[in-house]
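Presented below is the structure to which this report refers.
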Amino acid sequence: MDPIHIDVPYVLHTKRLCLRRPEAGDGQAINEAVHRSEQELKPWLPFVQEMPSVEDAESNVRQAHADFMERKKLRYLVFRKENGEFVGSTGLHNIDWDIPKFEIGYWIDTKWSGHGYMQEAVREITRLALYDLGGARVEIRCERENEKSRQVPEKLGYHFEGMLRNDDRSVDGKHLTDTCVYAKIKERRQKHV
């Protein structure tokens, strides 16, 4: 089946959060969060190496919307239900619809870290991938040194499958990094012969 025909919800709800696909006009809130969180995000994320303008963020949001509609990447923006404030971003990328398998990425506005919001959002994205979208595998990959990011899959019961040593370059390009691979899978039923 062509992935374009797969029904993917535009909005997801958790107890405290609303997750929704990116829409035109979201660039301003994202840009403010990135600027506010520069020190925490810069060591890990390429798009923070040179601080994006509001126009850059808006272009990125519109591309994310298009990717969502084409089922190439499924990014969700995270907002607090209580007051609609932007919290961060998460979603599914590196999608292989033939398996199907997904990789989850995420970042949070420093203003909201330490409240369990990203763990709550990633739990919902995991549920979406494995159950609503019929995924067989969901991965979270993060740099070994990024302890805060590693806490999310560890607290959500993801299985640590291993470390890929010298797998990538740091975002500043100055040294090699190790990548931790965490996964949840939907168990296959074995056919007995």
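The values are calculated or read from the model by the stated rules, or taken from the named source; none is laboratory data. None of the values given here were measured: they were computed from a predicted structure. All Cβ positions, glycine included, derive from the backbone under ideal geometry; neighbour counts span all protein chains shown.
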How many residues of the stretch 27-42 are closer than 19 Å to R62 by Cα and touching a strand residue (DSSP E or B) at 6+ places or on another chain (Cβ under 9 Å)? The answer is 5
Does the stretch 126-138 contain any residue that is out of contact with any Pro (no Cβ under 9 Å at 6 or more places or on another chain), crowded, with 17+ Cβ neighbours inside 10 Å, farther than 20 Å from Y158 by Cβ and among the β-branched types (V, I, T)? no
Name the residue, out of E50, E23, E55, that is surrounded by fewer than 16 Cβ atoms within 10 Å (Cβ to Cβ), acidic (D, E) and at pLDDT below 95. E50
So which residues in the stretch 81-109 are free of Cβ contacts under 8 Å to residues at least 12 places away in the same chain and in contact with a His (Cβ under 7 Å, 6 or more places away or on another chain), if there are any at all? none
Considering only residues that are hydrophobic (A, V, I, L, M, F, W, C) and either exposed (fewer than 12 other Cβ atoms within 10 Å of the Cβ) or in contact with a strand residue (DSSP E or B) (Cβ under 6 Å, 6 or more places away or on another chain) (or both), look in the stretch 148-170 and name the one that is farthest from G116 (Cα to Cα). L164
Taking E120 as the residue in question, decide whether it is under 18 Å from the mean Cα position of the chain (by Cα), touching a residue at least 40 places away in the same chain (Cβ under 8 Å) and part of a helix (DSSP H, G or I). yes
